[in-house]
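Scroll down for the structure; my scribbles are underneath it.
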Amino acid sequence: MLFFMETVISGLLAGIMYSLVALGFVLIFKASGVFNFSQGVMALFAALTLVGLLSGTVPFTHVDNPSFAIPAWAAIPLTIIVMIIVAILIERFILRHLVNQEHIILFMAMVGLSYVFEGAGDIIWGSDVKVIDLGLPHGAWDWLLDTHGLYIEKIELVAAAAAVVLVVVLAAFFQKTRIGRALRAVADDHQAALSVGISLRYIWIIVWSVAGIVALVTGVVWGAKSGIQFSLSLIALKALPVLILGGFESIPGAIVGGLIIGVGEKLAEVFGGEVIVAIFGRWFEIDPGIFTATENWFAYVLALIFLLFRPQGLFGEKIIERV
Amino acid sequence: MKLRNWLVAAAAAVVAMPLAAVSASAYELTIPSMDYRTGPYAPNGIPFANGWTDYWTMLNERDGGINGVKIKVVPCETAYNTKQGVECYEKTKKEGSGALVYQPLSTGITYQLIPKASVDNIPIHSMGYGRTSAANGKIFKWVFNFPATYWSQASALVKYIGDKEGGMGKLKGKKITLVYHNSAYGKEPIRTLEELSKKHGFKFTALAVDHPGQEQKATWLKIRRDKPDWILMWGWGVMNQVAIKEAASIRFPMDHFIGVWWSGSENDVKPAGAAAKGYLSGAFHQPGKNFQVHRDILKHLYDAGKAPHPDFKDRVGEVLYNRGLVAALWGSEAVRAAMKIHNTKEITGAMMRDGYEALDVDAARLKELGAEGLTIPVKITCANHEGPRKVAVQQWDGKAWKIVSDFYDPDMDVIQPLIDEDSAKFAKENNITPRDCK
């Protein structure tokens, strides 16, 4: 029973890590109707920038110069400034020219943007594995493991705390502030928002900046687990099933979707083989060992089921269009 | 008119002669470099590609090439993607004077190139990776996988475990778990380990991790529940770093966790920091840069401003750098052997294959090459393309990798029948008549 609990808790915490990635997608989709395919690479780029500043990497040379190293209290705001500049550039060179274009055109632009981010990250900061040192805790929570035999990773608790803070702040921002309401208006209809005097450009810069900050948090938390490296960009793939489950426009949906995916995939990987054998073992000879590496695709199976029965996700808005 | 014709012919000859001379001297030893400097596996691909490229370039700068013939290294980015790797092969095989050898650095790409190699007459050296049964030179004429295959390595690592447990007889009842990259590469050792588990009575479990391996928590929860005595890992890229961190998190003893030699580089252990101390991996060469060949590379390339990738000076001597360097060193010896066998300096891929098959780099020759003790002596024959089949174990001491065991010979009683069976199957499927290697 303790191990089952441990699996569920680990799943919930892993789910929060997925939710962090999904949050960035939701923010941009909610405010601009754009599916930001480059969110994963943005997380990588933000984390690369932060670790580059922390370690004093000279941009474009990939050489660390400790005398250029910047302490965390300055490096984090500087990285945020970089992400805001990136948001301004994206608005100036991409979004401004694609107002009211078809979704597929915006999506393809985001695919292209992801390559730009990846290439820029590589050229500016290099392709090495980088270790981020922000003093984040690592390893198991010793007290819990020693006294109760329960294994929980400390970094995942940090991720959970970060996710809670982000959700509260973002929910307040969207619901309570004037800019938040403007963001929602833009998401509903670009033309209508323009007609009532909302500056589309200003809104887009704000939302992409916020998504950049979320990307930074995501990159740091995931990077703390594996080192900052280019495979970080692939975490975006973990967000897709979360979004399908939770709905593309819902911040609580991103969290709940992440939790369901996290728990589901951990239970499937750890107990799936045994359950299948218990059910079908009396008729067929089944090796439970073949049910391995389900962790990655199980989320997509869940997403497919949701697409069949509730395509808008748990919290998404049901879209009814006149044909 | 006749005189005019003669004059024209003479003038044409005068013009053509230097052109012919230029054409003759334009021959270069063309060495493709199938790099992956981008994508999720770049951190591992870069040091290997640097070692491979630096050695060939150093021969140009220090010796003017090999036997006076310049070397042309042709890089091509595969991103560790099989499709891109095949594209690279097709793009570069006729480059310059024709590609002489391919080092794909990917089991997936190697599998795709094996049938092409015999058609294009270009040898493949899948050094310590790729299709294991290619060790059978009677059937895989164009493929070399020395100095040891994954099956040999799996067997050698089990022998190491046996040593640490107090003898192979003590393995009975022990639990050994393989955590593997869910790809052709990661699956290679499973058959051998299954056979070895039958022979020695240990319980073997295989747990797959899907590409890229960024999230593998459930796998490590299973390990925490099953409590294996030893873990073997066939990982690559981010999978290694995450696995080592996860192992440390669940407090698995690092000195009972052994990676394949592709899971034992500086990149793999650094993110885990001090927690990775004690982690083990397979090895067939030394880490570090305390060898004459490294001094030559630093002097003739990095200090002379001629390094193809000067930013990486500090990383000369890393594990994967040395692996690329050793691959190039053996390749250069195959070039020399080919030139000697065919008595020409303008060798083709087919001649290069003969050079690989006649390769004999013993300890004395390694010393002459400035690589004394860097790696193991290699001797290839017509029938045995795997060569020495020797595997050591190296350990991360928190700062550097150090070889901590003798070199083990694999259990050929188990492996040879597997090689024979798999290679015979390949021969049957592809209508290959085994060569007579007597």
- [ ] Once you've got the GNM for chain B with C-alpha springs shorter than 10 Å, pick whichever of B:358, B:427, B:154 has the biggest mean-square fluctuation.
- [x] B:427
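So what's the net charge close to residue B:127: Lys and Arg +1, Asp and Glu -1, counting the other residues with Cβ under 12 Å from its Cβ? Don't jump to the answer; show the numbers that get you there.
Numbers: positive: B:323; negative: B:386.
Spelling it out: positives minus negatives among the neighbours equals 0.
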Open item on the list: Averaged across B:215-228, how many Cβ atoms of other chains sit within 10 Å of each residue's Cβ atom?
Closed with: 6
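Based on the Kirkwood radius over alpha-carbon pairs, what value in µm²/s does the Stokes-Einstein equation return for the translational diffusion coefficient of the stretch A:15-246 at 37 °C and 0.692 mPa s? Provide the component values of the computation, followed by the final result.
Working: Rh = 18.4 Å.
So the translational diffusion coefficient is about 178 µm²/s.
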Open item on the list: What are the ³J(HN,Hα) couplings of the stretch A:114-130, residue after residue, when phi is run through the Karplus curve with 6.51, -1.76, 1.60 and θ = phi - 60°? Round to Hz, x for glycine and proline.
Closed with: 4, 5, 4, 4, 5, x, 5, x, 5, 5, 7, 10, x, 9, 5, 6, 10
- [ ] Write down the percent of antiparallel bridges among all DSSP beta bridges whose residues are both part of chain B, to the nearest 5.
- [x] 30 percent
Open item on the list: As I understand it, the dipole of chain A uses +1 on the Cβ of Lys and Arg and -1 on the Cβ of Asp and Glu, about the Cα centre. Which of A:107, A:18, A:243 lies farthest toward its positive end?
Closed with: A:107
Open item on the list: A 21 angstrom limit on the alpha carbon distance is what I want to check against. Which of B:313/B:399; B:72/B:379; B:159/B:203; A:266/B:222; B:367/B:438 exceed it?
Closed with: B:72/B:379; B:367/B:438
TODO: Tell me which residues come under 5 Å, amide H to amide H, from residue B:232 once H is placed; ignore anything under 5 positions away on its chain.
DONE: B:177, B:178, B:179, B:258
TODO: Output the peptides B:303-309, A:67-73, A:5-11 sorted from most to least packed, where packing is the average of other Cβ atoms within 10 Å over each peptide's residues.
DONE: A:5-11, B:303-309, A:67-73
Open item on the list: Could you list A:304, B:320, A:13, A:134 so that the one with the fewest beta carbons within 10 Å of its beta carbon is first and the one with the most is last?
Closed with: A:304, A:134, A:13, B:320
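What size of dipole, in debye to the nearest 20, comes out for the protein assembly as shown about its Cα centre when the only charges are +1 on Lys and Arg C-beta atoms and -1 on Asp and Glu C-beta atoms? Don't skip to the answer; put the middle values down first.
On the way: 73 positive and 70 negative charges, 123 e Å.
Around 600 debye, computed over the protein assembly as shown.
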Task: Burial order of peptide ranges A:30-38, B:52-60, A:194-202, A:137-145 (average beta-carbon count within 10 Å, highest first) - done: B:52-60, A:30-38, A:137-145, A:194-202
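Please average, across the residues of A:134-143, the number of beta carbons from any other chain that are within 10 Å of each residue's own beta carbon, and give a whole number. Walk me through the numbers before you get to the answer.
Working: counts 0, 0, 0, 0, 8, 7, 5, 1, 1, 0.
So the per-residue partner count for this stretch is 2.
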Task: Under-5 Å amide H pairs with residue B:208, H placed in peptide plane, nonlocal only - done: A:293, B:180
Open item on the list: For chain B, set up a GNM with springs between Cα atoms under 10 Å and report which of B:348, B:38, B:192 has the largest fluctuation.
Closed with: B:38
Task: Partners for residue B:345 among aspartates and glutamates (Cα-Cα distance below 16 Å; same-chain residues under 8 apart left out) - done: B:28, B:63, B:333, B:354
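Strictly over 23 Å apart at the Cα level, which of A:130/B:91; B:164/B:227; B:187/B:390; B:187/B:217; B:227/B:277 would you flag in this model? Can you show the working numbers first?
On the way: A:130/B:91 33 Å; B:164/B:227 18 Å; B:187/B:390 21 Å; B:187/B:217 20 Å; B:227/B:277 20 Å.
Beyond 23 Å between Cα atoms: A:130/B:91.
Which net charge results when you count Lys and Arg as +1 and Asp and Glu as -1 among the other residues whose beta-carbon is under 9 Å from that of residue A:291? Walk me through the numbers on the way to the answer.
Working: positive: none; negative: A:269, A:274, A:287.
Its environment carries a net charge of -3.
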Open item on the list: Through the Karplus equation 6.51 cos²θ - 1.76 cosθ + 1.60, θ set to phi - 60°, convert the phi angles of the stretch B:360-368 into ³J(HN,Hα) values in whole Hz; use x for Gly and Pro.
Closed with: 8, 10, 8, 4, 5, 5, 4, 5, 4
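Looking at chain B, what % of the alpha carbon pairs are farther apart than 31 Å? Kindly include the intermediate steps, with their values, before the conclusion.
Working: 38612 of 95703 pairs.
Above the 31 Å cut-off, chain B has 40 percent of its Cα pairs.
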Task: Order of A:255, A:279 under a 10 Å beta carbon neighbour criterion, fewest first - done: A:279, A:255
- [ ] Largest first and to the nearest Å, give the Cα extent of the stretch B:250-342 along each principal axis.
- [x] 56, 34, 19
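Take every residue in peptide A:119-132, count the Cβ atoms of other chains within 10 Å of its Cβ, and give the average of those counts. Could the numbers behind the result be given before it?
On the way: counts 1, 0, 0, 4, 0, 0, 0, 6, 10, 10, 13, 3, 5, 1.
That works out to 4 on average.
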- [ ] Please list the radius of gyration and Dmax for the stretch A:101-205, considering alpha-carbon atoms only, with Å as the unit.
- [x] 21.1, 63
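Neighbouring Cβ atoms within 10 Å as the yardstick, rank B:321, B:302 fewest first.
Numbers: B:321 27, B:302 18.
Going from least to most buried by this count: B:302, B:321.
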Task: Whole-Hz ³J(HN,Hα) from phi, Karplus 6.51 cos²θ - 1.76 cosθ + 1.60, for the stretch B:422-436, glycine and proline x - done: 5, 5, 5, 5, 4, 4, 5, 5, 10, 6, 9, 8, x, 6, 8
Open item on the list: Restricting everything to alpha-carbon atoms, can you work out Rg to Rh for the stretch B:82-214 with a Kirkwood hydrodynamic radius?
Closed with: 1.07
- [ ] Report, largest value first, the span of the C-alpha coordinates of the protein assembly as shown along each principal axis, in whole Å.
- [x] 91, 86, 58
Open item on the list: Can you tell me which of B:361, B:119, B:269 moves the most in a GNM of chain B? Springs connect C-alpha atoms under 10 Å apart.
Closed with: B:119
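Label the stretch B:343-438 by shape, choosing from rounded, prolate and oblate, from the square roots a ≥ b ≥ c of the eigenvalues of the Cα gyration tensor; if a/c is under 1.5 it is rounded, and otherwise prolate applies when a/b is larger than b/c, oblate when it is not. Please report the intermediate quantities before stating the final value.
Working: a/c = 2.60, a/b = 1.29, b/c = 2.02.
Taking the square roots of the gyration eigenvalues as a ≥ b ≥ c, the stretch B:343-438 is oblate.
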Task: Antiparallel %, DSSP beta bridges [both residues in the protein assembly as shown], to 5 - done: 40 percent
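Every number in this text was worked out from the coordinates using simple rules, so none of it is lab data. Everything quoted here is computed from the prediction, not taken from an experiment. Methodologically, a virtual Cβ is constructed for each residue, glycine included, from the backbone with ideal geometry; neighbour enumeration extends over all protein chains shown.
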